[in-house]
Amino acid sequence: KQSPLPTGTAPQGVLAGGGCLGADALLRLVGSYSRCGGGRGSVTVGVVGFPNVGKSSLINSLKRSRVCGVGATPGITKSLQAVQLDRHIRLLDCPGVVLGGHRTPPAGAVAPARLKDPLGAAEDILRRCPPQQVNMG
């Protein structure tokens, strides 16, 4: 069940972008998972979603410091980053996930069968790529 957040009574700093509305509630929820089973366990939470929706900003807000890079353009997070919130909670900042559709090819993509000279196109790409980026295996 979702509980409503009283945005009308939120402190001005939160609404102006200086804080995180609901951070304490989220930390309590995640902390309760680490205590499940009566032991002193730990929990790892993956923060996954579409590009540029605030995954890294959420982690920064929960950590209350800038531990993950953020920006206005997608693609700042290039690889998985683990952030330890406390002894029992670890967050994983994941790069944005883009779902591939079967009907829409990537922008600018052309099926090799439609090229007049597919070998020439491949050679052109290989000339532009540094050798360490090319896997011929």
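Bear in mind these aren't lab numbers, they're just calculated from the coordinates by the rules spelled out. Computed from a prediction, not measured in an experiment: that's the story for all the values here. Every residue, glycine among them, receives a Cβ derived from its backbone with ideal geometry; neighbour counts consider all protein chains shown.
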Figure the gain on full extension for Cys94 and Tyr33 (residue separation times 0.36 nm, minus the Cα-Cα span) and round it to one decimal in nm. 19.9 nm
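Taking 35 Å as R0, compute the FRET efficiency from the Cβ-Cβ separation of Asp124 and Thr73 and round it to 0.05. Please list the in-between numbers first.
Working: r = 28 Å, r/R0 = 0.79.
Plugging the Cβ-Cβ distance into 1/(1 + (r/R0)^6) gives 0.80.
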Give me Leu115, Leu62 sorted ascending by neighbouring Cβ count inside 10 Å, so fewest comes first. Leu115, Leu62
